[in-house]
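Beneath this line is the structure, given in structure tokens, with notes to follow.
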Amino acid sequence: MDCAGLRTDPVAHAQALIDAGEAHRAARELRGLLAEGRGGALARTTLVTALLASGDVRGALAEAREAVSLNPAVPEVLVALGEALLAAENLPAAIAEFQRALRLEPGHMRARHLTGRAWLAAGEADKALEMFEGGDDVAGLADDIARAQAIKAAARSDPGYVRHLFDQFSADYDSRMLGQLGYAAPAILAQLADLVMPGRSELAVLDLGCGTGLSGAAFRARASRLDGIDLSPAMIEKARARGIYNSLEVADLETHLRREGRSYDLILAADTVVYLGDLALLFAAVAARLAPEGYFLFTVEQAQVADFELGPKRRWRHSEAYIRRLAQVSGLGVAGIVAAAPRHEAGEPVAGLAAALVRL
Ligand SMILES: C[S@@+](CC[C@H](N)C(=O)[O-])C[C@H]1O[C@@H](n2cnc3c(N)ncnc32)[C@H](O)[C@@H]1O
């Protein structure tokens, strides 16, 4: 690309380099400019853009923080920091910076669009759509709106929503679950295992949505191998600290199960299925991963009318009839389905089921 006409304006020249796919060079030139004391806020925000375009998120964050400390009341600078935080997947901090920019300049379209993108990453489609309103000439808007609509229409919780929710919840998950929420799903599933597979030990166990490892801990004694997967990196770190898993992976369970992999004598999902509505994919994938006479044990919250429905706390509920029907078409037998209260809400037990399915 011929940038000769822009050479008198080094920032415009750098932007042209970024647009031409030469972000590394743009970053080098902008750093040189700033080192000579010749660049202002625009040079720094363009440097943040260049670093992000070249994949250097850590460098972009450092430059953006420096820019904000020098120019704390310039919306563009706050937006640049928000963008770097968004790239670092620190959604709450990114949203806070975009909101600071919007307080300074309420009509800042880019700040609105990026706030919407951050909400999208957190699976918050309605909040994202609100931010996208009135922004017809922002690049990528149509795709972002389509993504928000897809999240709203999906028959499961969005992975971004689950991840964000549990990343935030991880620090005091165990104390809140075991305290005020009277969480009992791991113990309920352990009792169900005693009933349907008495005396079986040395099991290869997969814990779907392992969280901090409360469910794994209830099954460690009967496992020769215990693997856990979860969408939330912060929850996985808590599980790792427990030291009871042979392997842990940050992954979406539907994606994980569909990959080639080892088979298991027991697959668990304690209070995890509440983040999936349609269970067809899960049941089929579990059936494919269970060893002969392998069991799938899980808890659900109970739907009374529909096969599955989204409750007011954004947790999916499932009916017993649906579980039985889907088990049959997935090649799984029903070893037992019992009424259970996996947790309490506002002091009241939540009506649920604990199910044991077995590979036929
Ligand atoms: C209520 S916690 C239960 C954690 C653990 N099983 C226990 O008994 O304490 C639900 C967990 O499922 C995870 N989760 C939800 N949907 C998931 C999915 N599609 N793939 C992987 N993990 C998921 C969440 O991140 C969260 O850690």
Point to revise | Any hit, region 162-169, residues being under 21 Å from Thr255 (Cα atoms) and more than 14 Å from the ligand (Cβ to nearest atom) | key: no
Exercise for review: Give the residue that is farthest from the ligand (Cβ to nearest atom), with candidates limited to residues of region 218-233 that are assigned to a strand (DSSP E or B) and over 25 Å from the mean Cα position of the chain (by Cα).
Suggested key: Ser224
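Residue by residue, here is whether (1) free of Cβ contacts under 8 Å to residues at least 60 places away in the same chain; (2) in contact with a Pro (Cβ under 8 Å, 6 or more places away or on another chain); (3) surrounded by fewer than 16 Cβ atoms within 10 Å (Cβ to Cβ); (4) not charged (D, E, K, R) holds:
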site: Ser201; (1), (2), (3), (4): yes, no, yes, yes
site: Val205; (1), (2), (3), (4): no, no, no, yes
site: Gly209; (1), (2), (3), (4): no, no, no, yes
site: Gly213; (1), (2), (3), (4): yes, no, no, yes
Practice item. Looking only at region 255-298, count how many residues are in a helix (DSSP H, G or I), of a type outside the set (Lys, Arg) and either crowded, with 16+ Cβ neighbours inside 10 Å or not assigned by TED's automatic domain parsing to the domain that holds Gly352 (or both). Key: 12
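Working only within region 299-314, note down all residues that are under 27 Å from the mean Cα position of the chain (by Cα) and either farther than 16 Å from Leu208 by Cβ or not assigned by TED's automatic domain parsing to the domain that holds Val338 (or both).
Correct list: Glu301, Gln302, Ala303, Ala306, Asp307, Phe308, Glu309, Leu310, Gly311, Pro312, Lys313, Arg314.
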Point to revise | Where a residue in region 331-348 is farther than 15 Å from Glu301 by Cα and in a strand (DSSP E or B) and its partner, wherever it lies, is aromatic (Phe, Trp, Tyr) and open to solvent by 20 Å² or more (accessible area, probe 1.4 Å), with Cβ under 8 Å and at least six apart | key: Ala335/Tyr295
**Study point:** Odd one out for Asp230, checked against (1) open to solvent by 30 Å² or more (accessible area, probe 1.4 Å); (2) closer than 26 Å to Ala341 by Cβ; (3) charged (D, E, K, R)
**Key:** (1)
Exercise for review: Could you figure out which of (1) closer than 21 Å to Glu293 by Cα; (2) within 11 Å of the ligand (Cβ to nearest atom) isn't true of Leu266?
Suggested key: (2)
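To keep it simple, each residue is scored yes or no on (1) assigned by TED's automatic domain parsing to the domain that holds Leu279; (2) away from the ligand (no atom under 13 Å from the Cβ); (3) at pLDDT below 95.
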| residue | (1), (2), (3) |
| --- | --- |
| Ala150 | no, yes, no |
| Arg176 | yes, no, yes |
| Gln180 | yes, yes, yes |
| Tyr183 | yes, no, no |
| Pro186 | yes, no, no |
| Gln191 | yes, yes, no |
| Ala204 | yes, yes, no |
| Asp207 | yes, no, no |
| Ser215 | yes, no, no |
Review point. Which members of region 235-254 meet the condition of being within 9 Å of the ligand (Cβ to nearest atom) and surrounded by fewer than 19 Cβ atoms within 10 Å (Cβ to Cβ)?
Key: Val250, Ala251, Asp252, Glu254
Review point. Residue check: is Ala351 in contact with a Gly (Cβ under 6 Å, 6 or more places away or on another chain), modelled with pLDDT of 95 or more and either surrounded by 13 or more Cβ atoms within 10 Å (Cβ to Cβ) or farther than 17 Å from Ala185 by Cα (or both)?
Key: no
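The values are calculated or read from the model by the stated rules, or taken from the named source; none is laboratory data. Note that this is a predicted model, so its numbers are computed, not measured. Note that we place each Cβ from the backbone using ideal geometry, even for glycine, and neighbour counts take in every protein chain shown. We work out accessible area using only protein heavy atoms, side chains counted, and drop any ligands, DNA or RNA first. Shrake-Rupley method; radii C 1.70, N 1.55, O 1.52, S 1.80 Å.
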